[in-house]
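Here the structure comes first, spelled out in C-alpha cells, and everything after it is commentary.
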C-alpha cells in the first residue's frame, strides 16, 4: 500500500493575546463584595486566565481576549454589574474582504491545525457575494470509497500541474506519444509570492519550510532567490522560481534541478519557454497572467497554444479583477475561462492555478469546483502568523503583531498547520460529495448550487423577476 | 413500486400483532400555560434604564410602573436591580406611566441595550431571542408594545425575505376554536395507524450526550402536552423516556448506537437518519469528553472513547437497500411509522421520491442551515441547499409524480418562529421539525459553544452534572409548553386572517406568499 499523505502538525500557541470578539465591561465600583463572584464560576475559566495574563503582562494589550460570549457571568452577577460587548478592536480587523471572523478562525486553525467546530447551526447571512453565493452538494448514499469509517480516509487530494496529451497513440502495443512532464502535488495548494508591501526578509525561508513540510511548492521571485539562503539547493523540488518579464533566467544548473518554473506573461513567452526547455525539457513552465481587463481572454488564448503547459491566473488579494471599474470576482472569471476551454475541447490539456481572494478552505473547494486545478495562496498564511490586516506595514509603520521577529519554528509551523487543516476541510467537503479525487472535483459545477441559478429555479417561477441582490 | 407492503400481510401470522404497545404507564402532562420566569438573575432586555445620582429614592417610578420594572423592596433604602426585561421601552411614552417623564428629578434615562450587539446573529437576531424567551415565559406572543421584530431574522434571504399576502379582511370570520392545526403523519393508507399530531411540528432529534437528561425529558413532556413527538436522536433510549413512549421517535442513525428491538417496539415512529442539516454528508462524532458512564452504557460503548457515526449507512447504496432497512423495522414493529431524515442535496427531489417508493411514511428534509449540535463550520455554511429551496423542489416533484398526498413532507433546518413554520407549509411542507427554538426557550443564547470543554455554559447541551443542574425539569417542561402554546396562537392568527379552517389548507399555497426581492407578478402557484 502506498504511503498515505499526511502532514505532521503540532499546536503552536499564539505569541500575542488574541483579539477576541467579545469584551466584558466591568463596573467594579459598585461591586457588592458578595464573595460569590460569577467570574470564578466562568465555565471557561477565562477570568482566572485573564488575571494570570495581567500578572505576567509586559505591556498593555487586549483583555478578556477569549471570552466565549455566553453571557453567563453577565446574567448571574449579584448586582448586575457586568456587560458584554463586541470588542471594537476586533471589529477594526481586516479589510472588508478578510473579515474579523475570517482572521480569527485563521488564527485558530494555524494554532491548532484543528477543523473549526461550533454548535447551534449556521449564524451567517443567507447568501452573499463571491464565494458566499454558492453551496457545495452532498450525496445521501454515495461514499468516496467503501473503506474506512467515513470513506474519507482514502480521498486523494493530489493534482498534476502540466500539459496532458488529449489522447495516447500506440504502435505495436507500444506507447508512441511522448508524455509531457507533470508536477504531482499532494494537495491542490501552491504558496504564492507575497505582495511587496506585506513581504519581510525572513518570510521566504519559512514559506519554503512550509512547502517542504506539506509536500507542495512555493513560488519565489528569482530575483530574490538569495533570501532562501542555503535552503535553496536542498529543496529545489519544492521551489517554483518566478521569472519576471525582463529578468534573466536561473542558471542552467538550477534550471536542471527544478520541477516547475513560472514566467511572466508578455511578448515572446514562446521563445522563453523554448529557452527553458532547451536546458531542461522535463521542467514544467507556468505562465502568470494578471486578471485585468484582458486576463480572461488572454488566459483562454494561452490555453489554445500547445506550448503552454500551465496558466497561473492572479486576481488582487480580495479576489477582484484589477484595473477595471466593475471588477469581476475570481470564481466567476475562473468559471468563464474553464467553460471556454471545455467548449473548445481542450480543458484537460492545460492546468489552471488560480490565486487571489481565497481566504478560507471552503473557498479552495469552491474555486476548484469553478474550474481551477489548484489554488495559490499567500495572505491566509500571513494571517496565520497573527497578522491583523491592519495595514500598518503597508503605510510604513511598525507591525503591531511584530511579525518580522517571529522564529522559523513558529512561522513554518503555523503555516504548515494552516495548510494541513485546509487539506482536512477539503476532504470533509469531498467526503460529503462522495468524491474520491480532487482531480475530479475540478469544474464539477453540477455538484454545486449557485445562488442565482437555484433562486431562479425555485423562487423565480413563484415570484417573478428578481429585482434586487 | 410500493415497497414491501403487499408482502407484509403474509407475515401477520408469524409476527405479534401489536408489538408497539408499551407496558409502561404513559405519563400525562397538562397543556396548561403557567408563568415560567427566566432563570437568570439579570435577564437581558431590549432597553435599559440608567439611574443617575440625581435620584432621591422617592420611589415614584416603582409606584407608577404597572410592569414592575423598578424594584424598591420594603425596608430597603436602595433600589434592587431593575426587571428590565418587562420594560416595554419607548412605546411606554404614550402611556400615563412613563417613568422617564414622571421622575421628578429627571434621574432616569432609557437607552437601547448596547449588549444586544454582542448577542445573536443574522439568523437569530437579539429581538428573536428575546421574543422567544418571552413566549416561553408567558405562553403568549409578545405584545406589540415590546417592539420585538421577531417574525423574521436578518439573514437577507429565504424565510427572512418572504412575507404573507394577507387579505385586507378575512374571507370568512372564524373563531379560534374552529381552526384545526393538526396534521396526519401517515398518508400511505397501508393499514398502519393514522398518527395525528395536534400541531404541525415535532421536536428534533437531540441525543443524550448532545443535550442533558433534563432537556430531553422536558422536550418529551411538552410533546405529550401537545400530542406531538420528540426524537431521541442517535444514541438510544433512556429508561426515563419510557413513560413518554407514545410521543417519542427513536432514531436509527448510521452508528446504530443504542438501537435495540426492544426500543423500536415501544415507539409509534422510527426515524432513519441518513444525514443532518448541520453537517450534511459528514456523519457524527461524539467527543470523548461527552462519553460519560451513562452515555457509554446506553450506547454500549467504552467510557471516554470518541464515537463515530459514519456517513452514510454502510449497508445502503440504493433505494432497494433503504427499503430493506425499512422492512426490517416494519417487521419488528408492525404498528410503527417510518420517517426518513435526509439533508438537501441537489437531487433531494429524487431522494424524496425514492424514499417514498421504498415505503417511508414521512420524508424529513433537514436543510443546510439548521442543526443544534456541534458541527464543522465549513459544513454548516457551505454544504447542501437551504431548506427553503428544498421544500419547494420536493413538493413540486412529488406533486408532478402524483404522489404528494401519499407522503408526509416534514421540513427542518433553521425554522425559528411560527411565521417560519407557516411559510414552510405555504411553500409545500406538511409540517416541520424544530430544535434550536426549544433550546432557546430553555435559555440558550446561541453562543455556539456546545462542543467546548464541559459543554454548554447554559446547562443545556451538556452531560456535566453541575452545569445540567441549572435546568429544572418542571421549569423546562413549562417553558417549552408555553412556547408551543404561543406558537399555536400565532399560527391560528395567521390561518384566521386567511379564513382557513385547517393548517392543511395552507400547504403549497405559494400564491399567498410574496418575496421582497422579486416583482411578485406571477399568478400561478405550485
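Just so you know, all these numbers are worked out from the coordinates, no wet-lab data involved. As the structure is a prediction and not an experimental result, all values here were calculated from the model. As a convention, Cβ positions derive from the backbone with ideal geometry for all residues, glycine included, and neighbour counts pool all protein chains shown.
Give the order of A:33, B:31 when sorted by the count of other beta carbons within 10 angstrom, beginning with the fewest.
A:33, B:31
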Inset, instruction - Measure off 7 Å from each Cα along the Cα-to-Cβ vector at residue A:33 and residue A:247, then give the distance between these two points in nanometres to one decimal. - result: 6.9 nm
Legend entry - chain A: angle of helix A:408-433 to the longest principal axis, Cα-based, in degrees nearest 10: 80 degrees
Legend entry - FRET efficiency estimate (nearest 0.05) - Cβ-Cβ, residue B:256 to residue B:140, R0 30 angstrom: 0.10
Legend entry - Estimated FRET transfer efficiency (residue B:33, residue A:145; beta-carbon r; R0 51 Å; 0.05): 0.45
Inset, instruction - Assign one of three labels to the protein assembly as shown, namely rounded, prolate or oblate, based on the Cα gyration tensor with a ≥ b ≥ c the square roots of its eigenvalues; rounded applies when a/c is under 1.5, prolate when it is not and a/b is larger than b/c, and oblate otherwise. - result: oblate
Legend entry - Euclidean distance between Cα centres, segment A:171-209 to segment A:292-342, Å: 19 Å
Inset, instruction - Report the extension gain between residue A:395 and residue A:407 in nm, rounded to one decimal, defined as 0.36 nm multiplied by the number of residues separating them, less their alpha carbon distance. - result: 1.9 nm
Inset, instruction - Compute the distance in nm between two label points, each set 7 Å from the Cα along the Cα-to-Cβ direction, one at residue B:505 and one at residue B:240. - result: 4.3 nm
Inset, instruction - May I ask you to sort A:21, B:406 by Cβ crowding, counting other Cβ atoms within 10 Å and putting the fewest first? - result: B:406, A:21
Inset, instruction - Indicate the gyration tensor shape class of segment A:152-454 (rounded, prolate or oblate), computed on the Cα atoms with a ≥ b ≥ c the square roots of the eigenvalues: a/c under 1.5 is rounded; otherwise a/b larger than b/c is prolate and the rest oblate. - result: rounded
Inset, instruction - Please tell me the relative contact order of segment B:34-118 in percent, rounded to the nearest whole number, where contacts are Cα pairs under 8 Å and at least six residues apart. - result: 41 percent
Legend entry - Contact order relative to length of segment B:299-457, as percent, for alpha carbon pairs under 8 angstrom and 6 or more apart: 19 percent
Legend entry - Cα-based helix-to-principal-axis angle, B:473-498 vs chain B, degrees rounded to 10: 90 degrees
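Kindly provide the helix-only [θ] at 222 nm of chain B, computed as the sum of -39,500 (n - 2.57) over DSSP H runs of four or more divided by all residues, to the nearest 500 deg cm²/dmol?
Computed mean residue ellipticity for chain B: -7500 deg cm²/dmol.
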Legend entry - Rounded if a/c under 1.5, otherwise prolate or oblate - segment A:187-247, Cα gyration tensor axes: rounded
Legend entry - 0 to 90° range, to nearest 10: angle between helix B:387-400 axis and chain B longest Cα axis: 40 degrees
Inset, instruction - Go ahead and run the numbers for FRET between residue A:200 and residue B:454, Cβ-Cβ distance against an R0 of 45 Å, rounding to 0.05. - result: 0.60
Legend entry - Centroid-to-centroid separation of segment B:64-131 and segment B:443-487 [C-alpha atoms, Å]: 25 Å
Legend entry - Footprinting exposure proxy for A:206, A:68 (fewest neighbouring C-beta atoms within 10 Å first): A:68, A:206
Inset, instruction - Tell me what chain A gives for mean residue ellipticity at 222 nm when only DSSP H runs of n ≥ 4 count, each as -39,500 (n - 2.57), the sum divided by the residue total, rounded to 500 deg cm²/dmol. - result: -8500 deg cm²/dmol
